[in-house]
Ligand SMILES: NC(=O)c1ccc[n+]([C@@H]2O[C@H](COP(=O)([O-])OP(=O)(O)OC[C@H]3O[C@@H](n4cnc5c(N)ncnc54)[C@H](OP(=O)(O)O)[C@@H]3O)[C@@H](O)[C@H]2O)c1
């Protein structure tokens, strides 16, 4: 209960905001889902600081509208805004999106894996038939990130140490919705079980915690830092599938989305995050967080005294996305 409270109420002021973020001239960033909600707020902070920002999403009309709004909001920016077509729920299209990006840019400083979906109608699946939340929140971003790994590694060779990052969207759902153990694997198929909408959301967000942890182990030698963040409880389009009552009551408990932008900003850009924090979990509005014991256990391999679930989850993501890389 304590950790839920600490991530939801009486939160400390954000450490990194548009006021103290250094100039980003020459930097190139991708924000998935950057045309709505939290991602839009992050994109605005970055663009105002003169960076090149790719807003990646599946709707070009939403992308174009967001780009117009950002240009109007930041008329003095010397940065650049681009739309990148990306559908995280359709695996064969993802490597093409990454290839489009790498055909246009020579560097990628921070990839914010922000896009996600929460409690869609029961039975919703991706184009390849995966449960929609597990597919969109984990498999899609996993594949997109692996496709961008060469340009991230290349950027890290010359960029300031610790500045090249990949961040993953967790949630309070990690605490309140996920099943016991974080992810429940089906013994026969080795895949995460489909448990029902809220549990599946929580499970997918634990998936992001586990991916970040494994990513850190695998790629810290390449100079890439990665963290998973709970952005906070925010008003956005995420509640689009909720009932009227849930949306009504949510409005009393949720914060303006800019605060989630600050959590993402801290995760991707704070100098407080160094190699020592690689693979860690960030709390709202940008501060080191903790995870419950069973998840800490899941993040450790069996040889490290844990239960190896993070590695198991990584290997499942690898197996399912391999045909599309
Ligand atoms: N809001 C909160 O309280 C809260 C709390 C904890 C965690 N989070 C996490 O924060 C992240 C951002 O959420 P938000 O609150 O800003 O919600 P949001 O406004 O609904 O933003 C989600 C974004 O993800 C995009 N998206 C969904 N499916 C996609 C797909 N198949 N391919 C590409 N993009 C897709 C959406 O694009 P479309 O509009 O085209 O669908 C939208 O731009 C999510 O990962 C969410 O789980 C949010």
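Readers should treat all values here as calculations from the given coordinates under stated rules, not as data from a laboratory. Note that the coordinates shown come from a computational prediction; the quantities given were computed from them, not determined experimentally. Because the Cβ atoms are built from the backbone with ideal geometry, glycine has one as well, and the counts that use them run over all protein chains shown.
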Here the residues within region 281-299 that are without any contact (Cβ under 8 Å) to a residue 60 or more places away in the chain and either out of contact with any strand residue (DSSP E or B) (no Cβ under 9 Å at 6 or more places or on another chain) or not in a strand (DSSP E or B) (or both) are 293, 296, 297
Checking 15, 72, 99 in turn, the sole residue that is more than 14 Å from the ligand (Cβ to nearest atom) and free of Cβ contacts under 8 Å to residues at least 12 places away in the same chain turns out to be 72
If you go through 157, 198, the only one that is more than 23 Å from residue 279 (Cα to Cα) and out of contact with any strand residue (DSSP E or B) (no Cβ under 9 Å at 6 or more places or on another chain) is 198
Residues of region 12-54 being crowded, with 18+ Cβ neighbours inside 10 Å and closer than 15 Å to residue 229 by Cα, in sequence order, are 14, 16, 31, 32, 38, 39, 42
The correct count of residues that are outside any loop (DSSP other than H, G, I, E, B) and touching a helix residue (DSSP H, G or I) at 6+ places or on another chain (Cβ under 7 Å) in region 102-131 is 7
Scanning region 102-120 for residues that are over 16 Å from the mean Cα position of the chain (by Cα) and more than 14 Å from the ligand (Cβ to nearest atom) gives 102, 103, 104, 105, 106, 107
Within region 18-60, residues part of a loop (DSSP other than H, G, I, E, B), closer than 19 Å to residue 165 by Cβ and within 16 Å of the ligand (Cβ to nearest atom) come out as 33, 34
Exercise for the section: Answer with yes or no whether residue 160 is under 27 Å from residue 106 (Cα atoms) and either surrounded by 15 or more Cβ atoms within 10 Å (Cβ to Cβ) or within 16 Å of the ligand (Cβ to nearest atom) (or both). Expected result: no
Counting only helices (runs of 4 or more DSSP H) entirely within region 182-276, those with at least 2 residues that are away from the ligand (no atom under 15 Å from the Cβ) are 197-219, 244-253
_On the basis of being within 12 Å of the ligand (Cβ to nearest atom) and in contact with a strand residue (DSSP E or B) (Cβ under 7 Å, 6 or more places away or on another chain), does residue 145 make the cut?_
no
For region 83-103, the count of residues that are more than 24 Å from residue 225 (Cβ to Cβ) and touching a strand residue (DSSP E or B) at 6+ places or on another chain (Cβ under 9 Å) equals 7
